[in-house]
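First the structure, in the form of structure tokens, and then the observations on it.
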Amino acid sequence: MKALAARRHHPMALLVILLLALVATGGLYAAFQPRTAQAETYTADDIQQGEALFLANCATCHGRSGEGLQDADGNTLGPSLIGVGAAAVDFQVGTGRMPMENSGAQAWRKPPQMNEEQTRQLSAYVASLGPGPSLPDEQYLDPANGDATKGGEIFRINCAMCHNAAGAGGALTRGKFAPTLDGVEPKHVYEAMETGPQNMPVFNDDNLTAQDKNDVIAYLHALEENGSPGGLSLGSLGPVTEGLYAWTIILSLLTACAVWLGAKAK
Amino acid sequence: MTTTTPSSQKQDAQPGRVARLGAVGGDWLDQRTAGGGLVKFLGRKIFPDHWSFMFGEVALYSFVILLVSGTFLTMFFVPSMDEVVYDGVYGPMQGAHMSRAFESTLHLSFEVKGGLLFRQMHHWAALVFMVAIFVHMFRVFFTGAFRKPRELNWLVGFSLMVLGMVAGFSGYSLPDDVLSGNGLRVVDGLMKGIPIVGTYLSMLLFGGEFPGHDIIPRLFTIHILLVPAAILGLIAIHLTLLVLSKHTHYPGPGRTDRNVVGFPVFPVYAAKAGGFFFLVFGIITLISATTAINAVWIYGPYDPSPVSAGSQPDWYMLWTDGGLRLIPGWEFTIFGYVISLNILLPMAIYGGLLAFLALYPFLEAWVTGDDREHHVLDLPYNNPVRTGLGVAWITIYLILALGATNDLIALKLHLSINDLTWLFRVSIFVAPVLVFYITKRLCIAMQRHKRGLALHGVETSKVVRMPNGEMLEIHEPLNEYDRWVLVQHDDFRPLKAGKGVSALRAKATSFFFKDYISPVTPAELREALDHAAHEKHEIDAVTGGDYTVPSAKVGH
């Protein structure tokens, strides 16, 4: 009993327990942390090519090693890209937002400057800077795998307040805006939710699971498929465009009729 | 000969038979209703002819379309807030929970034959109804048609406009979609912003805490029973007063405050008005068949949490949203109660704008002291201050409406919504004043121009040099008919205070009539005509009466 008690009080016991706890915590964290970039699918050559592209096109604002840059007044020129992951690069570069056309409230969508291969190489390089969200799984991008009704609910509660119920886009403060979702590829929709580009909040897997994101994609697909059963949608901007239509086109037609009827028969 | 005679006999006989039948039927009716006199009276009623008189008709016809299409909709719409699970044809809603009102709206849009067309016709007709009312009101305002004896009818028309807003808003809320629910939430907030009684009012309307389970059935009763009945009643009064006080006419030779120059209702106007009804019906149907309106399935079933970007009410309610968007968040607390100036101030402004509109005829009558009956309309430029005030009113209304659309303007024009809000905040004070002044000066400039035209005729830009070197322009005098329109209008002057004129009224008359262009007097006109005759004589002496320019002569 005494020997046992003495061994139990060994001064190293505490350290051992601490060590075990640390290993367990670290191990559990490593096991449960958000999935890191699928660095294994990128070759060292991809990363090298990506770095060259990065230095030529991105480093002016984001720094030579993606650490981000500030001007003399402390304003951000380009944010740090360490840990943003391949998904962020694929979205920003894949939709043409980066390299940025000109500085302003927000990066505009434009025809992509990088081709698919170059986008992949850039993604590889940025993913190699630090672990971050990787490209989405194909199965979550197929609208057929999602539940449009559930996606619609998620969309109306989380997305419509900026993007408009029809996904037509909406204004944010000081010239910023939520762009239209019409014609945006499922992959980019997913990546935007995952990484929160520009002024968009991040909807990571704890917030909206991969299946939820798939549902949103299914809903957007269904909206596009359905089109506008009532005829011209007038941009799906709601009562304002309808009122404008009434005051311009319909009123002109009615006035033309009135003038015609009011004209004296010659 | 032999082949044509029987056919011509037939042609003669047929109308005769129809006419006889009509006479017999008419007599039968008249013996039982004694309505013949009324029909004769209405049939011989004279209406003047002008396109700008026809917007009231458009409002009436779109109201008829609203009644017809609305009756169709009530056969399928279920005004209930009971929760159901959707099981219809619209895929992206399958299995969603929603109120029966929303479900029945989806059902009538997608599954009832012609349902969507009728819904869209009902909604477009509502927008057209309000557009027509406003255009009609502008016409009446700017031509001074509201003057004695028509002040009461102006008030009836004003009430119709307000009821139209209530009808539109209550109908827009019925489908129980997210957008209309947001609108009701604004109404709830507006009511709760009223000190002391606000929460009671809200609880009373919604039958408890917002949104409750009562509001849709209640709005349904308001929308399909109370408001349409009130509108119908007021339309009857509006038209009766129109018949009693006769229609106004634009100034012209032979048109006075004691007559009406136009065509009788039967047959000319009956045909024109009947045809116009079908034109309005056709245009609304055409638009409804080709242009979507209020796609409720996109907004989704109402749930108090989501508010979509681009949430606006229908156009005639936009101005009520604009003030709320433009006002800074001014609030203060007194004895633990929040006083929301950011709600009370806009409501006061809305009330002021409406009150100005309703009371303007009485204001103007007080200023002018004019107690005569007016049946000849004013041309807008002949009353610069009235026209300026009207345009300033429209400017405030427009800025409020633009304020309510600030997010869409920012999005589509790539502007900052914050800058736009400030622009509208400043311009709601500056623009009306500026616009009033500019409009007034433009009217005065037009009066001056018309005065010159009446006196001297049209400048032909042909100049003749006299032997003594004097240059004379050839003026083409107006004919008597055209000149009449330019010299017939009323003329008011500012009053001096005292002798029964209050200081306030003296100031008001000064504001209205301080700047004026004196109308042409008969003496002035005689002198101008003498002068013109004299000049023409001189010119004719030089040109021999041939006014073709030298280059044209060379061409010959």
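Which whole number gives the average, over all residues in B:168-179, of C-beta atoms from other chains lying within 10 Å of the residue C-beta? Please report the intermediate quantities before stating the final value.
On the way: counts 0, 0, 0, 0, 1, 0, 0, 0, 0, 1, 4, 3.
Going residue by residue through B:168-179 and averaging, the value is 1.
Find the percent of Cα-Cα distances in the protein assembly as shown that exceed 50 Å, and round it to a whole number.
Details: 135924 of 337431 pairs.
I get 40 percent for the Cα pairs in the protein assembly as shown exceeding 50 Å.
What order do you get for B:509-517, A:128-136, B:80-88 when each peptide is scored by the mean count of other beta carbon atoms within 10 Å, highest first?
Values: B:509-517: 16.7, A:128-136: 20.3, B:80-88: 14.4.
The densest-packed peptide leads the list: A:128-136, B:509-517, B:80-88.
Report, in degrees rounded to the nearest 10, the 0 to 90 angle that the Cα long axis of helix B:227-245 makes with the longest principal axis of chain B.
Once rounded, the angle reads 20 degrees.
Cβ under 15 Å from B:F276's Cβ, B:F276 left aside: what net charge do those residues give with Lys, Arg +1 and Asp, Glu -1?
Numbers: positive: B:K272; negative: B:D49, B:E57.
Neighbour charge sum, excluding B:F276 itself: -1.
Can you give the Rg and Dmax of region B:443-552 based on its C-alpha atoms, in angstrom?
Over region B:443-552's Cα set, Rg and Dmax evaluate to 19.7, 66 Å.
Over all alpha-carbon pairs of chain B, lay out the pair-distance distribution in 10 Å bins, whole %, shortest bin first.
3, 13, 19, 21, 17, 13, 8, 4, 2, 0, 0
Under Stokes-Einstein, with the Kirkwood radius over Cα pairs standing in for Rh, what whole-number D in µm²/s applies to region A:136-229 at 10 °C and 1.306 mPa s?
In µm²/s, the coefficient rounds to 121.
Per-residue Cβ counts within 10 Å, from other chains only, averaged over B:406-417: what number is that? Show your work: numbers first, answer last.
Details: counts 1, 7, 11, 2, 8, 11, 6, 1, 6, 3, 8, 8.
That works out to 6 on average.
Which of these, A:T76, A:T43, A:T25, has the largest mean-square fluctuation under a Gaussian network model of chain A (Cα springs below 10 Å)?
Largest GNM mean-square fluctuation: A:T25.
Binning at 5 Å from 0, report for region B:100-160 what percent of all alpha-carbon pair distances ends up in each bin.
4, 16, 16, 14, 9, 9, 9, 9, 7, 5, 1
Along the charge dipole of the protein assembly as shown, Cβ charges K/R +1 and D/E -1, which of A:A52, B:S99, A:S123 sits furthest on the positive end?
Checked the options; the winner is B:S99.
Under Stokes-Einstein, with the Kirkwood radius over Cα pairs standing in for Rh, what whole-number D in µm²/s applies to region A:38-135 at 20 °C and 1.002 mPa s? Mind dumping the intermediate values first?
Values: Rh = 13.3 Å.
In µm²/s, the coefficient rounds to 161.
Return the subset of B:K272/B:K412; B:K148/B:K499; B:K148/B:K450; B:K148/B:K514; B:K246/B:K496 for which the Cα-Cα distance in this structure is over 31 Å, preserving the input order.
Listed pairs above 31 Å: B:K272/B:K412; B:K246/B:K496.
Taking the 0 to 90 degree range and rounding to the nearest ten, how far is the long axis of helix A:210-226 tilted relative to the main principal axis of chain A, both from C-alpha atoms?
On a 0 to 90 degree scale, this one is about 10.
What dipole magnitude, in Debye to the nearest 20, does chain A give about its Cα centre under +1 on Lys/Arg Cβ and -1 on Asp/Glu Cβ? Working shown, then result.
Working: 17 positive and 27 negative charges, 177 e Å.
Computed about the Cα centre, the dipole is about 840 debye.
Select from A:G83, A:G74, A:G170 the residue whose mean-square fluctuation is largest in a Gaussian network model of chain A (Cα-Cα springs shorter than 10 Å).
Judging by the Gaussian network model, the answer is A:G74.
Given H placed 1.01 Å from N in the peptide plane, which residues other than close sequence neighbours of B:L478 have an amide H under 5 Å from its amide H?
Amide H to amide H, under 5 Å and 5 or more residues apart or across chains, B:L478 pairs with B:G457, B:V458.
Near A:I154, within a Cβ-to-Cβ distance under 13 Å, what is the net charge of the other residues, with Lys and Arg +1 and Asp and Glu -1?
-2
Rounded to whole Hz and in sequence order, give me ³J(HN,Hα) for region B:210-225 from the Karplus expression 6.51 cos²θ - 1.76 cosθ + 1.60, θ = phi - 60°, writing x for Gly and Pro.
For region B:210-225, the Karplus-derived couplings read 4, x, x, 10, 10, 5, 5, x, 5, 4, 4, 4, 4, 6, 9, 10 Hz, x marking Gly and Pro.
Nearest 10 degrees is fine. How inclined is helix B:384-404 to the longest principal axis of chain B, computing both from alpha carbons?
30
Could you give me the ³J(HN,Hα) list for region A:120-132, computed from phi with Karplus coefficients 6.51, -1.76, 1.60 and θ = phi - 60°, whole Hz, x at Gly and Pro?
Along region A:120-132, the couplings run 5, 5, 4, 4, 4, 5, 5, 5, 6, 6, x, x, x Hz.
Which value, in debye to the nearest 20, gives the size of the charge dipole of region A:38-135 about its Cα centre, when Lys and Arg are +1 and Asp and Glu are -1 at the Cβ?
260
Please express the Cα-Cα pair-distance distribution P(r) of region B:230-336 as a list of whole percents, one per 10 Å bin, running from 0 to the bin with the greatest distance.
9, 17, 24, 21, 16, 10, 3, 0
Determine one quarter of the surface area of the Cα convex hull of chain A, which equals its mean projected area, and express it in nm² to one decimal.
Details: hull surface 102.7 nm².
Its average projected convex-hull area is 25.7 nm².
If you build the convex hull over the alpha carbons only and average its shadow over all orientations, what do you get for region B:67-124? Give it in nm² to one decimal.
On the way: hull surface 15.7 nm².
With the hull built on Cα positions only, its mean projection is 3.9 nm².
For q values of 0.16, 0.18, 0.27 Å⁻¹, compute log₁₀ I(q)/I(0) with the Debye formula on a Cα-only model of region B:186-249, without solvent.
-0.67, -0.73, -1.05
Using mean Cβ contacts within 10 Å as the protection proxy, how do A:50-60, A:148-158 order, highest first? Numbers along the way, then the final one.
Details: A:50-60: 17.5, A:148-158: 22.0.
Highest mean packing first, the order is A:148-158, A:50-60.
So if I place +1 on the C-beta of Lys and Arg and -1 on the C-beta of Asp and Glu, and nothing else carries charge, what would the dipole magnitude of region A:136-229 be about its Cα centre? I want it in debye, nearest 20.
Values: 6 positive and 15 negative charges, 119 e Å.
It comes to approximately 580 debye.
Compute and list, largest first, the equivalent-ellipsoid semi-axes of region B:1-156 from the alpha carbon gyration tensor, each √(5λ) rounded to a whole angstrom. Walk me through the numbers on the way to the answer.
On the way: eigenvalues 427, 185, 58 Å².
Working from the Cα gyration tensor, I get semi-axes of 46, 30, 17 Å.
Setting aside same-chain residues fewer than 8 positions from A:K213, which lysines have a Cα under 23 Å from its Cα?
Result set, ordered by chain and number: A:K150, A:K187.
Would you pull out the residues with amide H under 5 Å of A:F177's amide H, same chain only if 5 or more places away, H placed 1.01 Å from N?
A:L172
Rank-order B:444-455, B:290-301 by packing density, defined as the average count of other C-beta atoms within 10 Å over each peptide's residues, highest first. Provide the component values of the computation, followed by the final result.
On the way: B:444-455: 17.3, B:290-301: 22.6.
With the highest mean Cβ count within 10 Å placed first, the list reads B:290-301, B:444-455.
Within a 10 angstrom radius of each residue's Cβ in B:184-194, how many Cβ atoms of other chains show up on average? Whole number is fine. It would help to have the intermediate numbers written out before the result.
Numbers: counts 0, 0, 0, 0, 0, 0, 0, 0, 0, 0, 0.
Going residue by residue through B:184-194 and averaging, the value is 0.
Under 5 Å between amide hydrogens, which residues at least 5 positions from B:G208 or on another chain qualify, with H placed 1.01 Å from N in the peptide plane?
Those qualifying (amide H under 5 Å, at least 5 residues apart or on another chain) number zero.
Using θ = phi - 60° and the Karplus relation 6.51 cos²θ - 1.76 cosθ + 1.60, list the HN-Hα couplings for region B:115-122 in order, rounded to whole Hz, with x at every Gly or Pro.
Calculated HN-Hα couplings, in order: x, 5, 4, 5, 4, 5, 5, 4 Hz.
When only Cα pairs under 8 Å and 6 or more residues apart are kept, what is the percent relative contact order across chain B? Spell out each step's value before the answer.
Working: 646 pairs, mean separation 84.1, N = 556.
Answer for chain B is 15 percent.
Bear in mind that the values in this text are calculations on the coordinates, not laboratory data. Everything numeric here is computed off the predicted structure, so don't read it as measured data. Please note: Cβ atoms are built from the backbone with ideal geometry, for glycine as well, and neighbour counts cover all protein chains shown.
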